[in-house]
Amino acid sequence: MNDIGAKQTIPISWAFMRAAPVLEQGLPQDELFTESFISPSLHSRISFAQLGLLYFNIIKKTEDAFVGLGRRSVSISETILMARIMVGCATLECALNAVIRFHQSSPPLRLELRTNGKHAALCVHCDDSFAGANAFIIEEIYLNSLFGALTYFLGRPFPARSVVTRNPANIFLGMKHYSMLAPVRLGAATALQFPAKLLSEVRSGEPADDIWWQIARQWLAHIVAENEPSIQAGASIEHFSTATMCSELSVSPATLRRRMSNAGTSLRDLRKEAFIDISLRRLGDTSRSVCQIASELGYSDVRSYRRFIKNETGFTPDQLRAQTHFSTMQAAEPQVLARIRQLTTYVSL
């Protein structure tokens with residue numbers, strides 16, 4: 001594995017914790033880790049992509065979405081069907097209600113959407129009769145899958161306010177969850193808490209045959225982006241104003257327009273190209289929010305900025321940000337990502 005920065009890696013102990021249930025069932029550790037490109041004798045840290053690959057290898061070997069934690073196996077096809085149902089809906093509220101109805105006829109999990117004024121929560125409950133003491137762990141696994149599907153649905157990281165767990169031993173209590181990107185706290189029900197206004201948002205992600213790869217790809221890119229050191233994007237748009245350019249060239253606005261016309265362009269086209277170029281640079285800086293970038297480019301309404309970027313590039317700002325970080329990750333770990341793609345495409349069929 002190439003060195004992709006300490007902040008983008010995690011302790012190898014996370015791999016042992018993820019694999020512990022199946023190792024106890026007799027799955028060979030050496031085989032599992034080798035197929036996940038993890039070498040405990042050579043590395044004390046692994047990448048997020050390696051951890052993801054380990055998870056998908058465990059699912060393939062156990063043929064169980066809950067990696068042997070329940071009293072019977074549950075096909076990963078049920079989780080994939082959940083994602084397909086979600087992306088078949090127009091709004092987030094419609095998607096969540098459809099998934100809730102799906103689980104009413106598909107135990108052992110039950111989902112509930114709770115709203116209270118400006119606040120909403122998507123709760124996950126696993127029957128104790130199915131998993132016993134492992135019920136809250138299965139809830140967390142499925143909540144993570146839901147987060148990935150919701151991120152794909154919106155085309156950006158699902159903006160959870162907090163992750164609620166029933167597990168008093170959760171290692172992220174009091175901290176930000178590494179993949180769901182929100183503070184973790186202890187509560188009576190496992191849940192994702194989020195602003196209720198999100199329920200009216202429309203779908204951005206499109207249905208796809210390889211839906212689980214598309215979700216995994218975007219999810220991994222967002223995790224890496226969240227944990228990547230900030231970069232500085234020093235480009236400025238001030239010099240693209242008519243007044244500034246006329247001053248720099250010592251010409252009148254009419255002369256500037258004539259020269260641009262002769263060159264087959266216009267100040268509007270030049271400014272548009274500059275906005276896109278600067279946007280791409282600044283979207284690579286994870287310390288800048290999309291709202292902040294929009295404001296820096298002179299947009300008082302971030303929705304107008306999102307529409308501009310989508311119309312000009314075919315992607316939302318968040319999708320462009322994810323693609324940038326995925327390309328970086330792919331250059332560093334082509335074998336790991338190629339294997340994840342094989343596994344996720346295999347289980348999606």
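Each value in this text was obtained by applying a stated rule to the coordinates, not by laboratory testing. Just so we're clear, the structure is a prediction, and the values are computed from it rather than from any experiment. Positions of Cβ are generated from backbone atoms using ideal geometry, with glycine treated the same way; all protein chains shown enter the neighbour counts.
By average Cβ neighbour count within 10 Å, what is the ranking of 45-52, 81-88 from highest down?
Numbers: 45-52: 23.4, 81-88: 18.6.
By packing density, highest mean first, the sequence is 45-52, 81-88.
Quick one: Karplus J couplings for the stretch 125-136, per residue in order, coefficients 6.51, -1.76, 1.60, θ = phi - 60°, nearest Hz, x for Gly and Pro?
Karplus values, whole Hz, x for Gly and Pro: 10, 10, 4, 4, 5, 8, 10, x, 5, 8, 4, 6.
In nm, to one decimal, how far is the modelled label at ARG303 from the one at LYS60, with both set 7 Å along Cα→Cβ?
The modelled label-to-label distance comes out at 4.4 nm.
Taking H as built 1.01 Å from N, whose amide H comes closer than 5 Å to the amide H of THR190, not counting residues under 5 places away?
Residues meeting the criterion, in which the H sits 1.01 Å from N, are VAL124, ARG166.
Amide H to amide H under 5 Å from ILE46: which residues, 5+ apart in sequence or cross-chain, H placed 1.01 Å off N in plane?
Residues meeting the amide H criterion: ILE10, ILE12.
SER162's amide H: which non-local residues (gap 5+, or another chain) put their own amide H closer than 5 Å, with H modeled 1.01 Å from N in plane and none for Pro or chain starts?
GLN193
Fully extended, how many nm does the chain gain between THR34 and ASP128 (0.36 nm per residue separation, minus their Cα-Cα distance)?
Numbers: separation 94, 0.36 × 94 = 33.84 nm, distance 3.40 nm.
Working it through step by step, the gained length comes to 30.4 nm.
Mean separation of Cα pairs under 8 Å and 6+ residues apart, divided by the residue count of the stretch 9-109: what relative contact order is that in percent? List each step's numbers first, then the result.
Values: 81 pairs, mean separation 21.6, N = 101.
Worked out over the stretch 9-109, it gives 21 percent.
How would you rank THR151, THR62, going from fewest to most other Cβ atoms within 10 Å of each one's own Cβ? Provide the component values of the computation, followed by the final result.
On the way: THR151 27, THR62 18.
In increasing order of surrounding Cβ atoms, one gets THR62, THR151.
Determine which lysines satisfy two conditions relative to LYS118: a Cα distance under 29 Å, and not lying fewer than 8 residues away in the same chain.
Within the straight-line limit of under 29 Å, LYS118 reaches these lysines: LYS176, LYS197, LYS310.
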